[in-house]
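Beneath this line is the structure, given in structure tokens, with notes to follow.
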Amino acid sequence: MQLPSHGSNPQHLYKALEINPPEELVDFSVNINPLGAPEAVKHNWGKWLEAIYDYPDPTFAELKQTIAAKEGIEESCLLPGNGASELITLIARYLQGKKVLIIHPAFSEYEAACRSENCTIFHHVLYPPEWELDETSLERKLGLVDAVFFCHPNNPTGIQYDRPTVEWLIDTCQKKEVLLILDEAFYDFADRPVTFIDKASQSPFLLVLRSLTKMYSIAGLRLGYLAGTPEVLSQIHKRQAHWSINAIALKAGKTCLDDRQHVLLTRDYIKRERDRLFAYFREIGFQHSPSAINFYLIRDPSSRNQQELFSFLLRKGLVLRHTYNFPGIEGEWLRVAIKKEAENSLLMEVLSEWKREN
Ligand SMILES: Cc1ncc(COP(=O)(O)O)c(C=O)c1O
């Protein structure tokens, strides 16, 4: 049985598991802001039509200016891309044939992109319930490779490690001359965000990756950016298609980044709902990962097999993300996005029903 390797598009999951999808589905498998896109994106949508008649600016100048001002870094230290995914593909091209370490569990595209560029893949797996870094063993592995991917905050656990832990990794990579790709796709959902973007412009051994598709709910539009030194970024940029970002995404990106209120409202909302959900899980005896962001892992420790819970929820129209393709987790947990209040309440109700029946 081949399950889809990503969340979203639940029809493929139902087909693979041969379960008839109920009429109404709630998709908890995709980690997108439940508050939706900023109002200004919806408001300006019609006005942006005229942008499609011409080629977009291939230097992404206006968007770069906006990001540089927001992050307080030089424009030359930024490379926008068609979603963080495009930038992962370009980084993999840049690393062609090299030795690459992946700290797991992690977004599966690091490995897929690096494999397609004939990189040799090494693994460093973190284990539940704390998913600690294990610095001694990690340091030894860093001596063997050219680059390392670390997803922080982590997908799928949602864990945000403390600053000294990530600083240790940055410093060790610098000393060992290993390129660290720090994926901060979800950093802005934390109520106390931890970011290292300011360090990326200072070291040829650090790249910080960001996505706009999650916080601003524009996954269909595609937008992300990379921060690093101008020298490393120009090597990566060489591998990017001309006009890689479409004209509407360029306009929407600027509008999104200008909307600070949207981020603050989202953080408040996510924290409130996360606290409510975690209190409920404690009450019914479910385990959850110590997530600081907009998704988390859960498992029912009284059930030997989370697959049964997964299928039970699918039959009720609640689509969670399986974890079979996350090394170290392999189906033992389920990943859940924080959605709208009523949808989170529905999940709690259906989990209570599961508990009554099992
Ligand atoms: C950790 C992580 N990084 C990057 C991406 C890619 O994001 P984008 O939609 O910007 O391509 C994802 C998408 O799910 C992700 O989970």
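When every residue of segment 65-72 is checked against the conditions, at least one turns out to be open to solvent by less than 20 Å² (accessible area, probe 1.4 Å), in contact (Cβ under 8 Å) with a residue 60 or more places away in the chain, assigned by TED's automatic domain parsing to the domain that holds Phe107 and within 16 Å of the ligand (Cβ to nearest atom).
Apart from one condition, Leu78 fits all of (1) over 16 Å from Glu184 (Cα atoms); (2) of a type outside the set (Phe, Trp, Tyr); (3) in the same structural domain as Ser137 (by TED's automatic domain parsing); the exception is (1). If the condition is being open to solvent by less than 50 Å² (accessible area, probe 1.4 Å) and not β-branched (Val, Ile, Thr), then segment 84-96 contributes Ala84, Ser85, Glu86, Leu87, Leu90, Ala92, Leu95.
Within segment 195-223, being within 16 Å of the ligand (Cβ to nearest atom), over 11 Å from Glu71 (Cα atoms) and in a loop (DSSP other than H, G, I, E, B) holds for Leu212, Thr213, Lys214, Met215, Tyr216, Ser217, Ile218, Ala219, Gly220, Leu221, Arg222, Leu223. Looking only at residues in segment 332-358 that are assigned to a loop (DSSP other than H, G, I, E, B) and open to solvent by 10 Å² or more (accessible area, probe 1.4 Å), the one that is nearest to Gly158 (Cα to Cα) is Trp333. Among all residues of segment 254-277, there is none that is part of a loop (DSSP other than H, G, I, E, B), of a type outside the set (S, T, N, Q) and either within 27 Å of Gln11 (Cβ to Cβ) or open to solvent by less than 20 Å² (accessible area, probe 1.4 Å) (or both). Taking the listed residues Cys151, Cys173, the one that is away from the ligand (no atom under 16 Å from the Cβ), open to solvent by less than 10 Å² (accessible area, probe 1.4 Å) and touching a Phe, Trp or Tyr at 6+ places or on another chain (Cβ under 6 Å) is Cys173, with no other qualifying.
The residue that is least open to solvent (accessible area, probe 1.4 Å), among those in segment 105-130 that are more than 14 Å from the ligand (Cβ to nearest atom) and of a type in the set (Asp, Glu), is Glu117.
The values are calculated or read from the model by the stated rules, or taken from the named source; none is laboratory data. Bear in mind that the values here come from a model prediction, so they are computed numbers and not experimental data. FYI the Cβ positions are ideal-geometry reconstructions off the backbone, even for glycines, and counts take in every protein chain you see. Surface accessibility is based on the protein's heavy atoms, side chains included, excluding ligands, DNA and RNA. Shrake-Rupley method; radii C 1.70, N 1.55, O 1.52, S 1.80 Å.
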